[in-house]
Amino acid sequence: MKAARVDWRYRLVITSRAMAAIAGGYALAAGFTAALSLVLALWMPRVEAVLTATMLAWLAYATAAGWAFYARTAWGAWGGTLLPALAMGACAMAPQWMRGTP
Amino acid sequence: MSAFLLCFAAWSAIALGMDRHHEDALGQEGSMRRLVALRRSGWLLLVLSLWLAAAHPPGGVSASLGVTAWTVALSVAAVAVTATVTWQPRRTPELAGAALLAGLLARALGW
Amino acid sequence: MTTATSTVRKSADREGFRQAMSWLHTWAGLILGWLLFAIFLTGTLSFFKNEFNLWMRPEMHGLPRTDAADAQVAQKSVDALVRKAPDVTQWILHLPDDRDPAVNMLWRGTGNGRFETLRMNPQTGEPIEARQTMGGDFFYRFHFELRTAQKGRWTIQGRWLVGVATMLMFVALITGVITHRRIFKDFFTFRPTKGGQRAWLDAHNVSGVLVLPFYLMITFSGLMIFHTLYMPAGIAANYKNEKGVDSNAYFADLQGEKPESRPRRGAGDKVEPLPAIALQPIIDAATTRWQGGRIGSVQARRDANGRAVVEVTRHEGDRLQYRPPRLLFDATTGQWLDQADATSPAVKTYGVLYGLHMARFADVGLRWALFGFGVLGSLMIATGMVLWSVKRSAKSQTQASRKGAATATSTAPAAHPKAPFGERLVAGINIATLAGLPLACGVYLAANRLIPVGIEGRADAELAWFFSAWGITLLWALACAVVRPHRLGWTVPLAAAGLVWVALPLINALTTHTHLGVSLPAREWVWASMDLSFLATGLLLGWLAWRVRPGRTPRRGAPARSARPARPAPSVPVAPAETSTSGA
């Protein structure tokens, strides 16, 4: 992350990537946990599903954080974290939406 | 105890199997074959000590406790070997040999 | 695209990846590095929290050794409690073991109040009047919730901040491994005589890599211990009920028990006081079921149906997995009802992670080894922070000298150009944390002996000494940073810390009868080893203060650009730069 010069543009990019890592990464991890645990719960007791998904979620979070700073642009950082987060969140909410319960 | 001693011997072998530490300890560059042999025997000894810890845990404790204690011993031994090659590099081979013998003895005694 | 180009591109990609991870490693580590050091150091001390609890309550000296399986111990204590508080509705009795000779009783009356604590003599059941102190539990509670007062109310916020720091540590560990270019070749490489950045980087690498399994375990298990707070999305998705999320059901599943057996009380709930309970048959039944197992604690409460139950919990040190198994009995008839234990694979894994983190399973040898790992981890964080400071100051020095300030003479004392504000701030915080925290811990222990017994709010007074010492060091460090970064900034707090820790056994001798003069002849190893460890810590800190004292390395006359040949001088924070070969 060698900056040509440390000006306001550089700081903006860094801040953006940091937000993508911290907030986008968390959203990704949370979506991952919810979606994966729901899927696993089809085959195992729900406490097992929840714990397995949660343990893996931390790795997902770390990977997302790494991606946020490896992506070629800050937009790419957000794309790589927020889009999967929204997708997985939608998967997690899908059973509810289809049943029509609040 | 035996886990620590065996791991100490093993890590020493691996260290001596590296150019830098081989030179510091023995004053001359090791041949490729010797270095590779040292490193391989080191890793082998590590695996052996792990197997001993899991299959025949000392003190009659459970296998999981034995493996945990081995993992702790692994790191303690690594620190000890680093200290040895840093401050007493020329004594490394002798200490390694002594640790190997002491480790096997300790194992036989059930420690 | 030829293969040559794609190989070049691949290795360039790998380099770009490594560089990005290196940058992330530096900043993830730096942002909350000072907090991480505090968390790691207090966590390390917490491995011995039982011993600290004992040392800080000298009134507990001389308690008789008893067997936890002896039902008389439990019965006498419960009878004494009921005499003192007849309307007790729930009590939890921790039986004595090899690390704590007293009975620890937690109890509460009606409502959803906090538990009160009573320490009791195991033979008579009579309460022990020990001085009011948080003891070793302060290190423990500061470690995971940044507790600042005995009845602190910001514990959830503290846990959140600790969680953020833990996640950053997790990222720093992983990126550190990715960034370390020669992780196998440099495995045992430590060159303290080289001085400057190389020595600091070696120290950081060596303390990081050799104990890596421990750090990964402790960090990951830390994240999992509070996963219900940090990552509840899975629970929310799977444990829905009409009112929202059925967290009671989740907690029950986590502990392998039925939700009705442990009802959560609302504030102001009216609960009936407990009936009289005969503990002998219950404890005997438990001991029989767990042949060879130790009893850790006994508790009595009412379940969701209002029935009085007694729960006997196995000693936490009997296995790796936390929580230990529990046996449920009917309180009035003594009939065995149920065994609660988590047995499914993921829950067991969670339990083992939890248990590894708390290290209740560890005997004396393992405990000291884990303590050593904790010290190395603290050193890893410390050397990382100092390394950043050293690198940055070297870079800005080279930049300044390149800008034409080529007037460094051998007579000018430490003619540093005014370093940028951020650098001086970090250098100051480094001193405040890395030297200030050890000083504050020593002061806390001294306060325990020096504050008069029996005054109001004594426990919080001890904490006030702790935070004041830390605060004063911070002021000192900031003053140094403003005036001019100088090694004196390090020497003074380190020397003060060394002095305080070395003085502890002496203060102990002057204020109590648990000092080395008593404990050594009587072979009371727990008491004696505390005093001896304090002495050793003080000597170590004093030695560090001696090593970094100003004027130790004579000033180098020539401009700082050339890499000087290494002399057998110790690494000190202001040596000129050597180009680093790896890392950020």
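The values are calculated or read from the model by the stated rules, or taken from the named source; none is laboratory data. Keep in mind that what you see is a predicted model, and the values were worked out from it rather than measured. With ideal geometry, Cβ positions are generated from the backbone for all residues, glycine too; neighbour counts draw on all protein chains shown.
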Among all residue pairs at least 6 apart or on different chains, which show Cβ distances below 7 Å where the first residue, located in the range C:250-272, is modelled with pLDDT under 85 and the second is among the basic types (Lys, Arg)? C:271/C:265; C:271/C:302; C:272/C:302
Can you tell me which residue within the range C:250-264, out of those that are among the charged types (D, E, K, R) and not in a loop (DSSP other than H, G, I, E, B), is farthest from residue C:344 (Cα to Cα)? C:260
Quick one: residue C:114 ticks every box in (1) free of Cβ contacts under 8 Å to residues at least 40 places away in the same chain; (2) surrounded by 15 or more Cβ atoms within 10 Å (Cβ to Cβ); (3) in contact with a strand residue (DSSP E or B) (Cβ under 8 Å, 6 or more places away or on another chain) except a single one, so which number is it? (2)
For the range C:101-111, how many residues meet the condition of being surrounded by fewer than 19 Cβ atoms within 10 Å (Cβ to Cβ) and either over 17 Å from residue C:296 (Cβ atoms) or among the charged types (D, E, K, R) (or both)? 3
Against the definition (at pLDDT 95 or above and either crowded, with 20+ Cβ neighbours inside 10 Å or not in a helix (DSSP H, G or I) (or both)), how does residue C:41 come out, yes or no? yes
Only one residue in C:476, C:490, C:501 is under 12 Å from residue C:446 (Cα atoms) and crowded, with 17+ Cβ neighbours inside 10 Å. Which one? C:501
Give me the residue from the range C:248-284 that is basic (Lys, Arg) and more than 32 Å from the chain's Cα centre (by Cα) and, out of that set, surrounded by the fewest Cβ atoms within 10 Å (Cβ to Cβ). C:270
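Return yes or no: is residue B:41 at pLDDT 90 or above and within 11 Å of chain C (Cβ to nearest Cβ)? Give the steps one after another, and end with the answer.
Details: at pLDDT 90 or above: yes; within 11 Å of chain C (Cβ to nearest Cβ): no.
When the stated conditions are applied, residue B:41 does not pass them.
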Being surrounded by fewer than 22 Cβ atoms within 10 Å (Cβ to Cβ) and over 17 Å from the mean Cα position of the chain (by Cα) narrows C:225, C:235, C:174 down to just C:174
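Which one of these is out of contact with any Phe, Trp or Tyr (no Cβ under 7 Å at 6 or more places or on another chain) and away from chain C (no Cβ under 11 Å): B:20, B:33?
On the way: B:20 fails: away from chain C (no Cβ under 11 Å).
Being out of contact with any Phe, Trp or Tyr (no Cβ under 7 Å at 6 or more places or on another chain) and away from chain C (no Cβ under 11 Å) holds for just one of B:20, B:33, which is B:33.
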Among the residues of the range C:114-125, which ones are touching a helix residue (DSSP H, G or I) at 6+ places or on another chain (Cβ under 7 Å) and in a loop (DSSP other than H, G, I, E, B)? C:122, C:124, C:125
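Against the definition (in contact with a His (Cβ under 8 Å, 6 or more places away or on another chain) and either closer than 18 Å to residue C:187 by Cβ or not basic (Lys, Arg) (or both)), how does residue B:89 come out, yes or no?
Working: in contact with a His (Cβ under 8 Å, 6 or more places away or on another chain): yes; either closer than 18 Å to residue C:187 by Cβ or not basic (Lys, Arg) (or both): yes.
Considered against the rule, which asks whether it is in contact with a His (Cβ under 8 Å, 6 or more places away or on another chain) and either closer than 18 Å to residue C:187 by Cβ or not basic (Lys, Arg) (or both), residue B:89 comes out as yes.
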Only listed residue being facing chain A (nearest Cβ under 9 Å) and not small (Gly, Ala, Ser), chosen from C:253, C:246: C:253
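Do we find that residue B:40 is within 27 Å of residue C:186 (Cβ to Cβ), over 18 Å from the mean Cα position of the chain (by Cα) and surrounded by fewer than 15 Cβ atoms within 10 Å (Cβ to Cβ) in this structure?
Numbers: within 27 Å of residue C:186 (Cβ to Cβ): yes; over 18 Å from the mean Cα position of the chain (by Cα): no; surrounded by fewer than 15 Cβ atoms within 10 Å (Cβ to Cβ): yes.
For residue B:40, the condition - within 27 Å of residue C:186 (Cβ to Cβ), over 18 Å from the mean Cα position of the chain (by Cα) and surrounded by fewer than 15 Cβ atoms within 10 Å (Cβ to Cβ) - is not met.
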Qualifying residues in the range B:80-104 (those that are free of Cβ contacts under 8 Å to residues at least 12 places away in the same chain and hydrophobic (A, V, I, L, M, F, W, C)) - the one surrounded by the fewest Cβ atoms within 10 Å (Cβ to Cβ): B:87
Selected residue [part of a loop (DSSP other than H, G, I, E, B), surrounded by 15 or more Cβ atoms within 10 Å (Cβ to Cβ) and either modelled with pLDDT under 95 or out of contact with any helix residue (DSSP H, G or I) (no Cβ under 8 Å at 6 or more places or on another chain) (or both)] from C:334, C:404, C:351: C:334
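Residues in the range C:451-486 that are of a type outside the set (A, V, I, L, M, F, W, C) and in a loop (DSSP other than H, G, I, E, B): how many? Working first, answer last.
Initial filter on the range C:451-486 (of a type outside the set (A, V, I, L, M, F, W, C)): C:452, C:454, C:456-458, C:460, C:462, C:468, C:471, C:473, C:484-486.
Then keep just the ones that are in a loop (DSSP other than H, G, I, E, B); that gives C:452, C:454, C:456-457, C:484-486.
Final tally of qualifying residues: 7.
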Test residue C:360 against the stated conditions and say whether it is assigned to a loop (DSSP other than H, G, I, E, B) and modelled with pLDDT of 95 or more. yes
Residue C:346 being without any contact (Cβ under 8 Å) to a residue 40 or more places away in the chain, within 14 Å of chain A (Cβ to nearest Cβ) and part of a helix (DSSP H, G or I): yes
Take the conditions part of a loop (DSSP other than H, G, I, E, B), out of contact with any Phe, Trp or Tyr (no Cβ under 8 Å at 6 or more places or on another chain) and within 14 Å of chain A (Cβ to nearest Cβ) and apply them to residue C:272. Does it pass? no
Residue tally, condition at pLDDT 95 or above and of a type in the set (Lys, Arg), over the range C:148-175: 1
With the condition being among the acidic types (Asp, Glu), I'd like the helices (runs of 4 or more DSSP H) fully within chain B carrying at least 1 qualifying residues. B:19-26, B:92-109
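Listed here are the residues, each with its yes/no results for (1) more than 30 Å from residue A:41 (Cβ to Cβ); (2) among the aliphatic types (A, V, I, L, M); (3) without any contact (Cβ under 8 Å) to a residue 24 or more places away in the chain.
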residue: C:288; (1), (2), (3): yes, no, yes
residue: C:309; (1), (2), (3): yes, yes, no
residue: C:338; (1), (2), (3): no, no, no
residue: C:355; (1), (2), (3): no, no, no
